[in-house]
Amino acid sequence: MRKGLIEVGIIVFGLLGNIAAVTAQVDHVSINSRQFELNKVARLRVNMVAQNDDVSRLSFYIRQLDDGNVQQQKLTVQGINHFLFQLSGTDVVSDPNAQLMITQDTAAGVATLAIMAVFDAPYSVNSATLVSNFDNQQTSPVATPPVMRASKTRQVDNRLAQEPSLPAPSSVKSAQQVRCLIERDNSDTLWRIANRYKEQWHTSVYGAMLAIFETNLLAFSKQKIHLLVKDVPLNCPSTAILAEYNNKAFDKKVFEMIEAKHGEK
């Protein structure tokens, strides 16, 4: 049975065979979801964890056969957050065996990082909401202090987590005027805070930790995920940010990779 993420190998300064060495480390790359069907214009979302969070030298292409000829179209890239990217094409994809090819510009030339089957990726139009500036997500509050009790009916599978609810229309204006803060004390770890809010935010504990981190980068010493500063207020993640973290398996992998990278000396 196919899983939601189309995995490729971990890439450290190069791949196997005829793929050239690369100068920056890409720890993980996979297709998060596909927002188009056969004979439609390409739209994909890609998971990417890079060592230095810099993808400016990466290029994304759709490669397909058309009447026996290989055609390749370059996709535009727009960041949704530090780990999720929207890819968009301009031409129709008519080959059911079309591939996504990811390359990187290096001092030695162009290196191929990964090639993945496009239509093996899960079809979904319910993944993260595209936003114009993912480094400044301080939008309307969506959380209130959760009731501290266990839920017996919580659905375990977070693959298709429900979209967080918006404030009632009558309260939107007043809610936007009030700064939404996460309740915490100095003994709270990031895990404990995320575990407390995950039910209300309709995400996993890993998704909640990533959402808190993305929303409150300055509340982490040296912007490292394991160095949460005490006595610093934490803002509630926006609905747009929470919508990005709806895949427990991938969120767990991203969190573990960031934690390992930030733990390096």
- [ ] Summarise the accessible area of segment 191-265 (1.4 Å probe, protein heavy atoms) by the percent that is carbon and sulfur.
- [x] 53
- [ ] First measure r as the distance between the Cβ atoms of residue 189 and residue 90, then evaluate 1/(1 + (r/R0)^6) with R0 = 35 Å and state the FRET efficiency to the nearest 0.05.
- [x] 0.15
Open item on the list: If you take every residue apart from residue 205 with its C-beta less than 11 Å away from the C-beta of residue 205, what net charge results, scoring Lys and Arg +1 and Asp and Glu -1?
Closed with: +3
TODO: Net charge near residue 92: determine it from the other residues with C-beta under 11 Å of the C-beta of residue 92, scoring Lys and Arg +1 and Asp and Glu -1.
DONE: -3
- [ ] Estimate the FRET efficiency between residue 120 and residue 252 by the formula 1/(1 + (r/R0)^6), using the beta-carbon distance for r and 25 Å for R0, to the nearest 0.05.
- [x] 0.70
Task: Distance (nanometres) between label positions extended 7 Å along Cα→Cβ at residue 43 and residue 71 - done: 2.0
TODO: Rank-order 208-216, 61-69, 79-87 by packing density, defined as the average count of other C-beta atoms within 10 Å over each peptide's residues, highest first.
DONE: 208-216, 79-87, 61-69
Open item on the list: If R₀ is 30 angstrom, what is the calculated FRET efficiency for the pair residue 78 and residue 199, using the beta carbon separation as r and rounding to 0.05?
Closed with: 0.45
Task: Net charge of neighbours whose Cβ lies under 11 Å from the Cβ of residue 237, counting Lys and Arg as +1 and Asp and Glu as -1 - done: -2
TODO: Tell me the label-point distance for the pair residue 260, residue 107, using the 7 Å Cα-to-Cβ offset, in nm and rounded to one decimal.
DONE: 2.6
Task: Of 40/198; 222/248; 198/230; 40/253; 40/261; 74/224, those spanning more than 29 Å from alpha-carbon to alpha-carbon - done: 40/198; 40/253; 40/261; 74/224
Open item on the list: Using only the heavy atoms of the protein chains and a 1.4 Å probe, how would 262, 28 rank by accessible area, largest first?
Closed with: 262, 28
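The values are calculated or read from the model by the stated rules, or taken from the named source; none is laboratory data. This structure is a prediction, so every number in the text was calculated from the model and none was measured. Counting neighbours? That spans all protein chains shown, and the Cβs are built from the backbone with ideal geometry, glycine included. All accessible areas refer to the heavy atoms of the entire protein, side chains included, with ligands and DNA or RNA removed. Shrake-Rupley method; radii C 1.70, N 1.55, O 1.52, S 1.80 Å.
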